[in-house]
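Engineer: The structure under discussion is supplied below as structure tokens; questions concerning it will follow.
Computed from the coordinates by the stated procedures, all read-outs in this text should not be read as laboratory data. Note that the coordinates shown come from a computational prediction; the quantities given were computed from them, not determined experimentally. Because the Cβ atoms are built from the backbone with ideal geometry, glycine has one as well, and the counts that use them run over all protein chains shown.
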Amino acid sequence: MATTSTQTAAHAPDKSAPTHPAGARIRNKILSLLPATELEPLLERCEMVTVESKEVIFRRNEEIRHIYFPEDCVISLITELEDGDSVEAMTIGADGFVGMAVFHRVPSSRLKAIGQITGEARRIATDDFRRLVRDCENLDRLLHRYSQFVFETVSQSAACNSLHVIEQRCARWLLMSQDRVGRNQFDLTQEFLAAMLGVRRPGVTVAMGVLQKAGLITHGRGNITVIDRPGLERASCECYQTIRSRQAELINSA
């Protein structure tokens, strides 16, 4: 269960994050784009919580009770099959929000949401969220644009998972995770990455070894450090730049 938290050294907000006119330091992109007249009532109803790696945010078909706006945590949306297998459908960090079904007036989701990388998020009760969306034109517009971005990202990722080799997919996933946490080092096990990519762990071990041998990353003891980001971008497939460019069009310039 996500825990409410005071800001600690381990999860202090990024000092490079912009200070909103409302006075709050905001890393979440959607929140940072809101005018003070809409942000202030939202922040009043939010609580800052720590989301732990592998923590269940909500389960498949379970009523969604809170909406999360990540600050420096990363949350994965997982598709689970009846045989127990699962694969990641979407990764969400400071670029977006978790609980999209509620925004579209659906109380639950067929997806499971779990913490991927430990960090903080702003959490708001669904009833408060619904009222704010109804009353806040800019929030409603940004969430609609983000919903479109998610749809296109999931479609691009489906093509990527079908057509591109594991090394390229690993590179894309690491780049997207780094974008979302805003730092070069983050916690990640090969077992978890394999589950997110829907591949066997030996394949991920080989792929990570290739990336490390090329001097792009280092990995060990459950953490990853990106050493050469431009090189990692070259090692990725076209999907990373496609997703990043579309994000800039839909969200960053909104």
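Engineer: For the chain, set up a Gaussian network in which alpha carbons nearer than 10 Å are linked by springs, and say which option among Ile227, Ile124, Ile75 fluctuates the most.
Structural biologist: Of the options given, Ile227 has the highest mean-square fluctuation.
Engineer: A further question follows. Add +1 for every Lys or Arg and -1 for every Asp or Glu among the other residues with Cβ under 14 Å from the Cβ of Glu44, and state the total. List each step's numbers first, then the result.
Structural biologist: On the way: positive: Arg45, Arg122, Arg123, Arg131; negative: Glu38, Glu40, Glu47, Asp128, Asp135.
Net of charged neighbours comes to -1.
Engineer: Something else about it: Once you keep just the Cα pairs under 8 angstrom separated by 6 or more residues, what percentage relative contact order results for the chain?
Structural biologist: RCO, the chain: 19 percent.
Engineer: Please identify, among Asn223, Asn138, Asn184, the residue showing maximal mean-square fluctuation in a Gaussian network model of the chain using a 10 angstrom Cα cutoff.
Structural biologist: Result for the chain, Cα springs under 10 Å: Asn223 fluctuates most.
Engineer: Going by amide H atoms built from the backbone, whose H comes under 5 Å of the H on Glu120, apart from near neighbours?
Structural biologist: Excluding prolines and chain starts, which carry no amide H, the hits are Val51, Glu71, Asp72, Cys73.
Engineer: Also, I was wondering about something else. Could you run the Karplus curve 6.51 cos²θ - 1.76 cosθ + 1.60 with θ = phi - 60° over region 155-165 and give me ³J(HN,Hα) per residue in whole Hz, x for Gly and Pro?
Structural biologist: 5, 5, 5, 4, 5, 4, 5, 8, 10, 10, 6
Engineer: For a Förster distance of 41 Å, can you work out the FRET efficiency between the beta-carbons of Ser147 and Lys213, rounded to the nearest 0.05?
Structural biologist: Working: r = 40 Å, r/R0 = 0.97.
Efficiency, from the Cβ-Cβ distance: 0.55.
Engineer: How large is ³J(HN,Hα), in whole Hz, for each residue of region 34-50 in order, when computed from phi with the Karplus curve 6.51 cos²θ - 1.76 cosθ + 1.60 and θ = phi - 60°, using x for Gly and Pro?
Structural biologist: Values per residue, Gly and Pro as x: 7, x, 4, 5, 9, 5, 4, x, 5, 5, 4, 9, 9, 10, 7, 10, 9 Hz.
Engineer: Could you state the number of Å between the C-alpha centres of region 34-57 and region 209-254?
Structural biologist: One Cα centre to the other: 27 Å.
Engineer: Here's something else I'd like to know. Provide the packing ranking of 172-181, 141-150, i.e. peptides ordered by the mean count of other C-beta atoms within 10 Å per residue, highest first.
Structural biologist: Working: 172-181: 22.2, 141-150: 17.2.
Result, highest mean Cβ count within 10 Å first: 172-181, 141-150.
Engineer: Using only helices, what value at 222 nm comes out for the chain when you add -39,500 (n - 2.57) per DSSP H run of length 4 or more and divide by the total residues, to the nearest 500 deg cm²/dmol?
Structural biologist: Details: 10 runs with 109 residues, N = 254.
Estimated from H runs of four or more residues: -13000 deg cm²/dmol.
Engineer: Hey, another quick one. Taking springs between alpha-carbon atoms closer than 10 angstrom, which of Ala158, Ala121, Ala195 fluctuates most in the Gaussian network model of the chain?
Structural biologist: Judging by the Gaussian network model, the answer is Ala158.
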